[in-house]
Amino acid sequence: MNNAEIYGDEKQLALLRRAALLWRFLREDPRYSYYGRVVSLADPEYDALEEVVALVGLQGASSCQYLPVDRMVDLIAALDDAGIQSDPYDMLRSQDNSLTLAQSYLTSQSVPREIQVVQLDSATAPDLVTQVAALQRDCGVMPITGSVMRGQDQPSIFLAGLTDRGQVVATAAAIMSNHQESEHATEAFWGLLATHPDHRGRGLALWLGARAMVDAAEQLGAASFFAGVRASNQTSLSLCRKLGLDYCDKVVLACTDRQVFGSQQLSK
């Protein structure tokens, strides 16, 4: 990992470093996933408690993805007894028509003329990656590592919208976060949407989000997508539904060590 391309406060920087190092050891195990923040448990069909406690202990935070809703309350209680703060996100998953909706939106709409859309990769200037991270932090989104933004540490489509003056004003991404032997191998994490306040209401997040979906399908083989959204985030929920992502019987449970982060939420 390029240590120069991690972003956040002191505790978040330490978390990202620990997670990137842990991923080197666990990346060949299909039980785990990673999209540039923390190594997560992606196979909680058995007793997940010990796994999540261990992952949080090693990193300071983790998440339990694809957790059945009917097991959430018991797991939250058990994690609380272990000193771990739990923060549930609704898991929205794409439907059969999601890619069609995304393609139709891109065909019928375009970004404003002064906005250039670029995909981050190994050749992207470091200053641009830093700008992307700064916008996300300003929007309450915890940035992922630069190596994942660039598609180096995980296959990814990370898009940024730039003004004609080179200012980053919007972002969206789709990342193949699951192991290739996982039952969720072709389901991409989708999100990391952020829009500069001066450019909201112009459809940038929806356009970049649709483009990330289509590009991930064409370039990375993504067949479906999921996002974790707080129940209170009605703006994100509305955007997800426009692209055919909807509720399912799973949740994403974000978990943090109270001794490290207290009650701090890592991302909106």
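Residues in segment 23-37 that are closer than 14 Å to E51 by Cα and of a type outside the set (D, E): L26, P30, R31, Y32, S33. Scan segment 43-57 and tell me whether some residue there is of a type in the set (D, E), under 28 Å from A222 (Cα atoms) and crowded, with 17+ Cβ neighbours inside 10 Å. Looking for residues that are of a type in the set (D, E), under 28 Å from A222 (Cα atoms) and crowded, with 17+ Cβ neighbours inside 10 Å, one finds at least one in segment 43-57, hence yes. If the condition is being buried (at least 19 other Cβ atoms within 10 Å of the Cβ), part of a helix (DSSP H, G or I) and aliphatic (A, V, I, L, M), then segment 121-156 contributes V129, V132, A133, L135, V148, M149.
Being touching a strand residue (DSSP E or B) at 6+ places or on another chain (Cβ under 7 Å) and at pLDDT below 95 narrows it down to one of R202, R211, R230, so name that one. Among R202, R211, R230, only R230 is touching a strand residue (DSSP E or B) at 6+ places or on another chain (Cβ under 7 Å) and at pLDDT below 95. Taking (1) modelled with pLDDT of 95 or more; (2) within 23 Å of C255 (Cα to Cα) in turn, G140 satisfies each apart from (1). Among residues of segment 10-23 that are over 11 Å from V38 (Cβ atoms), those with a beta-carbon under 6 Å from a residue that is outside any helix (DSSP H, G or I) at least six positions away or on a different chain give the pairs L13/I6. Of the helices (runs of 4 or more DSSP H) lying entirely inside segment 157-268, those carrying at least 3 residues that are within 28 Å of V111 (Cβ to Cβ) are 204-215, 234-242.
Among the criteria (1) in contact with a helix residue (DSSP H, G or I) (Cβ under 9 Å, 6 or more places away or on another chain); (2) within 24 Å of D9 (Cβ to Cβ), the one L162 does not fulfil is (2).
The values are calculated or read from the model by the stated rules, or taken from the named source; none is laboratory data. Just so it is clear, the structure is predicted and the values come from calculations on it, not from any experiment. Reconstructed Cβ throughout: ideal geometry from the backbone, glycine too, with neighbour counts over all protein chains shown.
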